[in-house]
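Right, one structure below, let's go through it.
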Amino acid sequence: MKLYSTNNTSESVSFKEAVFNSMPQDKGLYMPVAIPRLSDEFIGKLGELTLPEIAFGVAKNILGDTIPEADLKALIDDAINFDAPVVELEDDVYVLELFHGPSLAFKDFGARFMSRVMSYFLQEGEKQLDVLVATSGDTGGAVALGFLGVPNTRVTILYPKGKVSGVQEQQLTTNGQNIRALEVDGTFDDCQALVKQAFTDAELNTTYRLTSANSINIARLIPQTFYYFNAYAQLLRKGKSKVAFAVPSGNFGNIGAGLLAWKMGLPVEQFIAATNANDTVPAFLKTGVYEPKPSVSTISNAMDVGNPSNWVRIADLFKGDEAALKQLITGYSYNDEQTVDAIEKVYADHQYVVCPHTAIAWKALKEWQADHAEVTGVFLSTAHPCKFPDVIPADVAVNISVPESVKQLEGREKQAVQMPADFESFKAYLLSNV
């Protein structure tokens with residue numbers, strides 16, 4: 001598998017190089033030179049396959065001979081060892097539960113796969129791998145648990161002070177070992193900017209072997225395609241074949257993975273990008289003007305992204321065909337009041353508790369389906385609602401079943417370094433903590 005930078009299509013690198021470099025020096029993002037289409041036979045047989053079997057087939061298709069088949073299968077069986085069920089709420093409305101992994105968020109797919117790919121490629125005696133990751137909530141916990149104890153790696157997580165939930169903060173600040181947490185006095189966009197700048201800083205790249213665990217890393221994106229294929233497989237078993245996906249969208253890696261799955265041959269009628277008040281992409285889809293803006297805080301904090309990194313990948317997939325892009329992707333945005341109303345409505349109608357991000361995806365799906373009743377809709381549930389007890393209405397929150405792994409976090413000591421949203425301070429911290 002070869003990959004190019006979205007800022008330079010004339011040169012290519014190996015998958016291993018793209019994984020470890022994470023981001024090209026020209027500040028683009030890595031994309032596959034070729035995206036092979038899966039065979040009609042494989043797509044037709046999806047309903048007969050398990051999630052690990054689907055994941056192996058999809059990964060082998062796009063990675064080619066990068067990792068030998070036996071090694072790739074073992075890696076996937078280890079990384080994707082939890083379920084992602086599609087649950088019916090009503091006729092032609094299903095929720096894809098992506099919170100059954102260790103950190104109770106969809107990002108377990110990417111973090112676990114990526115940590116094992118990196119460990120596989122690391123050679124004995126090589127320089128320690130320093131993984132930098134910015135998080136708006138769930139990425140940090142997934143990466144922390146995905147890399148915890150992995151030999152010859154160290155993870156530094158940057159998160160915005162006061163803008164992640166209590167459970168999210170516990171998951172990313174109480175691990176110790178090879179996991180470090182920086183509490184940045186700023187927004188997620190500030191954290192992301194610090195990480196991106198580190199990758200283009202000559203001194204840091206000479207001192208450290210830097211890589212990212214954010215969705216800017218192609219190894220995060222590939223495994224997220226697995227659950228789109230798996231959701232479609234489950235619907236095939238129910239006799240459904242016309243499907244639309246509503247995706248809670250922040251940095252646009254999740255829906256980007258869905259579009260990568262579509263490019264590989266997954267039949268999808270529509271992608272629905274559901275955002276909170278940070279509506280850069282829905283505004284573009286309506287006006288044709290792409291105008292990043294400073295992020296604003298909402299109760300769906302993991303989506304508080306005003307300048308989504310992965311949009312350049314999505315634009316690259318369509319090669320400038322804006323009409324085709326707008327035909328396949330529809331955007332909706334909702335404020336906090338509408339989000340709370342959606343949480344209450346889903347519970348009142350279905351006795352089902354959703355997190356605020358999931359609620360936004362449900363609301364977008366229902367709005368879209370009002371004009372497309374013939375299509376089965378799947379909205380992605382990206383995190384367990386127990387992570388957001390303070391923003392879910394009390395009469396709904398009392399019905400949340402808290403997993404044992406979350407109960408075990410209670411009382412564990414927070415280990416985080418306070419940090420201004422300033423690159424020189426971040427750089428000084430890294431250089432003084434070799």
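The values are calculated or read from the model by the stated rules, or taken from the named source; none is laboratory data. All values derive from a computational prediction rather than experimental measurement. All Cβ positions, even for glycine, are placed from backbone atoms using ideal geometry, and neighbour counts span all protein chains on display. The accessibility values were calculated without ligands, DNA or RNA, using every heavy atom of the protein model including side chains. Shrake-Rupley method; radii C 1.70, N 1.55, O 1.52, S 1.80 Å.
General remarks:
- If you run the Gaussian network model on the chain, springs between alpha carbon atoms under 10 Å, then out of 265, 166, 411 the most flexible one is 411.
- GNM top mover of 228, 347, 30 - the chain, alpha-carbon springs below 10 Å: 347
- Interchain or long-range residues, amide H under 5 Å from residue 388's placed H: none
- Over the chain, DSSP H runs of length four or greater, each weighted -39,500 (n - 2.57), average out per residue to a 222 nm ellipticity of -12500 deg cm²/dmol.
- Accessible surface of the chain, 1.4 Å probe, proportion on carbon and sulfur as whole %: 47 percent
- Percent RCO, i.e. relative contact order, over the range 12-133, from Cα pairs under 8 Å lying at least 6 residues apart: 18 percent
- Considering only 20, 226, 121, the Gaussian network model of the chain with Cα springs below 10 Å gives its largest mean-square fluctuation to 121.
- Overall form of the range 270-397 per C-alpha gyration tensor (a/c, 1.5; a/b vs b/c): oblate
- Relative contact order for the range 256-314: 32 percent, from Cα pairs under 8 Å spaced at least 6 residues apart, divided by residue count.
- Centroid-to-centroid, using Cα positions, the range 153-199 and the range 370-434 are 12 Å apart.
- Per-residue extension of 0.36 nm, minus the Cα-Cα distance of residue 425 and residue 48, leaves a gain of 130.4 nm for this segment.
- Between residue 2 and 33, 34, the built amide H atoms are under 5 Å apart, and every one of these is 5 or more places off in sequence or on another chain.
- Global geometry of the chain, whether rounded, prolate or oblate, following the gyration tensor of its Cα atoms and the 1.5 cut on a/c: rounded
- Cα→Cβ-extended label distance, 7 Å offset, between residue 127 and residue 201, nm: 1.5 nm
- Normalised by the number of residues in the chain, the average gap of Cα pairs under 8 Å and 6 or more apart makes the relative contact order 19 percent.
- 1.4 Å probe accessible area per residue over the chain, in Å²: 37 Å²
- Total charge dipole magnitude, the range 113-176, about the Cα centre, Cβ charges on Lys, Arg, Asp, Glu only, Debye to nearest 20: 140 debye
- Rg over Rh for the range 304-360 works out to 1.14, both radii taken from alpha-carbon positions and Rh defined as the Kirkwood radius.
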